[in-house]
Amino acid sequence: MKRLSEATLDALPPEVARPAYDRTACGIGIVHLGIGAFHRAHQAVYTDDVLARHAASKEHRDWAIHGVSLRGPGVRDQLAPQNALYCVAERGPGEEKLRVVGAVKAVTFAPESPEALIERMAAPQTRIVSLTVTEKGYCHDPASGRLRPDHPDITHDLANPTRPRSVPGLLIAALAARRAAGAGPFTVLTCDNLPHNGRLLRGLVLEMAVAADPALAEWIANEGRFPSTMVDRIVPATTQEDLDRAAQRLGLRDEGLVVAEPFRQWVIEDDFAAARPPWEEAGAQLVRDVAPYEEMKLRLLNGSHSLMAYLGYLAGFETISATIADADFRALVRAFMDREAGPTLTLPADADLEGYKSALIERFANPDLKHRTWQIAMDGSQKLPQRLLAPLRQRLAAGAPFDILALAVAAWMRYVGGRDETGAEIDVRDPLAARLGAACAADGDPAGMVRNLLETREIFDEDLAADPRLREALTAALDSLITRGSRATVAATLRKLES
């Protein structure tokens, strides 16, 4: 079967949407680091909409994207033979819409030529460098938010500044080239699920820049712009079944296919160093302060996802939709939002909290997404501090109940032990997997596991780890998960909440 490409676009069925503009006329204005499925289903779609709206306008035409893979050539190998075209399969309950996205014009693999990437980032026409590199791409300590100077990529980049491999190293090298050329900085636009993500990345870049070149650090501090963002769209990993299903409808093979729910949201702090696309015309929200939006999403959507990922996986549920279809798990998620996560929020002025929570439950229940609990469970050491530990800390400080938050953290502890409830091995994907597994194995009783895991300073601050209320709650929840299992523990937790 032929591949999707510029040459085969006209062979697509008429119901498949395709780029409504001349891609050859679009210049590249955005370099995106970490061109995985989420970016292609989210920011690239917004940009594709802008290019279509301004097909005849030179002012807004030069916003095509140069996508960059940092850790593997897979996406480059998928998209290069397709002229960087790919489909988004938008799946609502019982309905699927296919759309070819053309906003990405080039895809490269950074380690093959970091010099060429830095040149592209430093080019005057590049006005935005955006990124979705996941939490572990920041080379930082999630508990403190500080740069890890001992991270192998950071030590490498400080010794080899012209061939960087870390995100902060790449940004510093390109910004240094812009400064040397007498040009202004590009805007650094992070789109990862981290609290105050722009401010966090700015701090990491400045920490590293001070070590590399204090004068450059001062220039970045004064001239650079790192707006914060909040992004939201559920994008499960693409499966072979997804590829085959799309090929049947397209009549073409698309190796770059991504699957997503219909819902999408993008909130952006309106603080740019130079021009930007009019993303608001495609539905993005440009605001003064992103924090209330990101907090609501991190704690309600992402926090619920983590809760379901660990408890659901342990209970034998393969997907989020299967987990939320269980009445007890659905009730637990709603109680988590209503009783523990929701009360910790400072809400945006336009927030409909009850409507948002109800919409989340329905989004989780979408059976066509097949968002795997195992996928969401990945990299928990990087996710727990902002999704669960931040609201947990607030509940402790307020002397408020935190039973469900403690259960979610205990479920993570049970999961990283590496064995499920049947004794089968869990494929734990986490930067700290070996250490976490050893901490569980070193002292297999619940109290010992809690004690050992709370010593992981990359996750738990010392004061939080030392709180006897937390230790007691985690030990009791973990003991129940080990002795009774996830389903029985969820049911018992609901009975306790109702009493």
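The values are calculated or read from the model by the stated rules, or taken from the named source; none is laboratory data. Small disclaimer: the values here were computed from a predicted structure and weren't measured. Positions of Cβ are generated from backbone atoms using ideal geometry, with glycine treated the same way; all protein chains shown enter the neighbour counts.
So, Arg393, is that one charged (D, E, K, R), closer than 21 Å to Tyr313 by Cβ and either assigned to a helix (DSSP H, G or I) or not assigned by TED's automatic domain parsing to the domain that holds Gly316 (or both) or not? Full working, then the answer.
Values: charged (D, E, K, R): yes; closer than 21 Å to Tyr313 by Cβ: no; either assigned to a helix (DSSP H, G or I) or not assigned by TED's automatic domain parsing to the domain that holds Gly316 (or both): yes.
When the stated conditions are applied, Arg393 does not pass them.
Return yes or no: is Val205 modelled with pLDDT of 95 or more and either within 24 Å of Met378 (Cα to Cα) or not in a helix (DSSP H, G or I) (or both)?
Working: modelled with pLDDT of 95 or more: yes; either within 24 Å of Met378 (Cα to Cα) or not in a helix (DSSP H, G or I) (or both): no.
No: the conditions fail for Val205.
Checking the condition farther than 30 Å from Gln265 by Cα, crowded, with 17+ Cβ neighbours inside 10 Å, of a type in the set (A, V, I, L, M, F, W, C) and touching a Lys or Arg at 6+ places or on another chain (Cβ under 9 Å), which residue from Leu204, Leu216 passes?
Details: Leu204 fails: farther than 30 Å from Gln265 by Cα.
From the options Leu204, Leu216, the qualifying one is Leu216.
Given the structure, is Pro161 in a loop (DSSP other than H, G, I, E, B) and free of Cβ contacts under 8 Å to residues at least 60 places away in the same chain?
Numbers: in a loop (DSSP other than H, G, I, E, B): yes; free of Cβ contacts under 8 Å to residues at least 60 places away in the same chain: yes.
It is true that Pro161 is in a loop (DSSP other than H, G, I, E, B) and free of Cβ contacts under 8 Å to residues at least 60 places away in the same chain.
Conditions tested, residue by residue: (1) touching an Asp or Glu at 6+ places or on another chain (Cβ under 9 Å); (2) closer than 23 Å to Gln265 by Cβ; (3) surrounded by fewer than 19 Cβ atoms within 10 Å (Cβ to Cβ).
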site	(1), (2), (3)
Ala11	no, no, yes
Pro14	no, no, yes
Asp22	no, no, yes
Gly27	yes, no, yes
His32	no, yes, no
Gly36	no, yes, no
Ala41	yes, yes, no
Val50	yes, yes, no
Ser57	no, no, yes
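Looking for something closer than 28 Å to Met296 by Cβ and free of Cβ contacts under 8 Å to residues at least 12 places away in the same chain - is there at least one such residue anywhere in the stretch 402-425?
For the stretch 402-425, residues closer than 28 Å to Met296 by Cβ and free of Cβ contacts under 8 Å to residues at least 12 places away in the same chain: absent.
Return the pair list, or none, for Cβ contacts closer than 6 Å from residues in the stretch 113-129 that are on the phi < 0 side of the Ramachandran plot to residues that are in a loop (DSSP other than H, G, I, E, B) and basic (Lys, Arg), at least 6 apart or on different chains.
Correct list of pairs: Pro114/Arg163.
Among the residues that make up the stretch 396-408, is at least one of them part of a helix (DSSP H, G or I) and at pLDDT below 95? Outline the logic, then answer.
Filtering the stretch 396-408 for residues part of a helix (DSSP H, G or I) gives 396-398, 403-408.
Checking which are at pLDDT below 95 leaves us with none.
No, every residue in the stretch 396-408 fails to be part of a helix (DSSP H, G or I) and at pLDDT below 95.
Of the residues Thr422, Thr489, Thr456, Thr483, which is surrounded by 18 or more Cβ atoms within 10 Å (Cβ to Cβ) and of a type in the set (Ser, Thr, Tyr)? Before you say what the answer is, go through the steps one by one.
Details: Thr422 fails: surrounded by 18 or more Cβ atoms within 10 Å (Cβ to Cβ); Thr456 fails: surrounded by 18 or more Cβ atoms within 10 Å (Cβ to Cβ); Thr483 fails: surrounded by 18 or more Cβ atoms within 10 Å (Cβ to Cβ).
Unique residue meeting the criteria: Thr489.
Take the residues in the stretch 466-485 that are assigned to a helix (DSSP H, G or I) and of a type in the set (Lys, Arg); name whichever of them is farthest from the chain's Cα centre (by Cα). I'd like the intermediate steps shown before the answer.
Taking the stretch 466-485 first, the residues assigned to a helix (DSSP H, G or I) are 468-483.
Going one step further and asking which of them are of a type in the set (Lys, Arg), we end up with 469, 471.
Working: Arg469: 31, Arg471: 29 Å.
Only one residue tops the list, namely Arg469.
Tell me yes or no: at least one residue of the stretch 336-349 is in contact with a strand residue (DSSP E or B) (Cβ under 9 Å, 6 or more places away or on another chain) and either farther than 23 Å from Asp479 by Cβ or assigned by TED's automatic domain parsing to the domain that holds Val259 (or both). If you could, list the steps in order and put the result at the bottom.
Initially, the stretch 336-349 is screened for residues in contact with a strand residue (DSSP E or B) (Cβ under 9 Å, 6 or more places away or on another chain), giving 348.
Still in the running and either farther than 23 Å from Asp479 by Cβ or assigned by TED's automatic domain parsing to the domain that holds Val259 (or both): 348.
So far as the stretch 336-349 goes, yes, one or more of its residues are in contact with a strand residue (DSSP E or B) (Cβ under 9 Å, 6 or more places away or on another chain) and either farther than 23 Å from Asp479 by Cβ or assigned by TED's automatic domain parsing to the domain that holds Val259 (or both).
Exactly one condition in (1) on the phi > 0 side of the Ramachandran plot; (2) crowded, with 18+ Cβ neighbours inside 10 Å is false for Gly94; which is it?
(2) is the only condition that Gly94 fails.
One line per residue, one yes/no per condition, for (1) farther than 20 Å from Thr132 by Cβ; (2) hydroxyl-bearing (Ser, Thr, Tyr):
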{"site": "His151", "(1), (2)": "no, no"}
{"site": "Thr155", "(1), (2)": "yes, yes"}
{"site": "Val167", "(1), (2)": "no, no"}
{"site": "Ala174", "(1), (2)": "no, no"}
{"site": "Ala177", "(1), (2)": "yes, no"}
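I'd like to verify a number: residues in the stretch 233-251 that are more than 15 Å from Arg91 (Cβ to Cβ) and not in a helix (DSSP H, G or I), how many?
So the answer is 1.
Yes or no: Met308 in contact with a Gly (Cβ under 9 Å, 6 or more places away or on another chain) and crowded, with 22+ Cβ neighbours inside 10 Å? Walk me through how you get there before you give the answer.
Details: in contact with a Gly (Cβ under 9 Å, 6 or more places away or on another chain): no; crowded, with 22+ Cβ neighbours inside 10 Å: yes.
Spelling it out, it is not the case that Met308 is in contact with a Gly (Cβ under 9 Å, 6 or more places away or on another chain) and crowded, with 22+ Cβ neighbours inside 10 Å.
Take Glu458 and tell me if it is modelled with pLDDT under 95 and either among the charged types (D, E, K, R) or under 21 Å from Thr489 (Cα atoms) (or both). Can you show your working first?
Details: modelled with pLDDT under 95: yes; either among the charged types (D, E, K, R) or under 21 Å from Thr489 (Cα atoms) (or both): yes.
Spelling it out, Glu458 is indeed modelled with pLDDT under 95 and either among the charged types (D, E, K, R) or under 21 Å from Thr489 (Cα atoms) (or both).
Checking Asn193 against (1) in a loop (DSSP other than H, G, I, E, B); (2) at pLDDT 95 or above, which single condition isn't satisfied?
Asn193 satisfies all of (1) in a loop (DSSP other than H, G, I, E, B); (2) at pLDDT 95 or above except (2).
In the stretch 220-241, what count of residues is obtained for those that are out of contact with any His (no Cβ under 8 Å at 6 or more places or on another chain) and either surrounded by fewer than 18 Cβ atoms within 10 Å (Cβ to Cβ) or basic (Lys, Arg) (or both)?
Step one: filter the stretch 220-241 for residues out of contact with any His (no Cβ under 8 Å at 6 or more places or on another chain), giving 220-227, 229-230, 232, 237-241.
Still in the running and either surrounded by fewer than 18 Cβ atoms within 10 Å (Cβ to Cβ) or basic (Lys, Arg) (or both): 221-223, 225, 237, 239-241.
Selection size over the stretch 220-241: 8.
For the stretch 127-141, which positions are buried (at least 20 other Cβ atoms within 10 Å of the Cβ) and not charged (D, E, K, R)?
Correct list: Ile128, Val129, Ser130, Leu131, Thr132, Val133, Gly137, Tyr138, Cys139, His140.
For the stretch 354-384, give me the residue count where each residue is acidic (Asp, Glu) and in contact (Cβ under 8 Å) with a residue 60 or more places away in the chain. Spell out the reasoning first.
Taking the stretch 354-384 and keeping what is acidic (Asp, Glu), we get 354, 362, 368, 379.
Remaining after also requiring in contact (Cβ under 8 Å) with a residue 60 or more places away in the chain: 368, 379.
Of the residues in the stretch 354-384, 2 are acidic (Asp, Glu) and in contact (Cβ under 8 Å) with a residue 60 or more places away in the chain.
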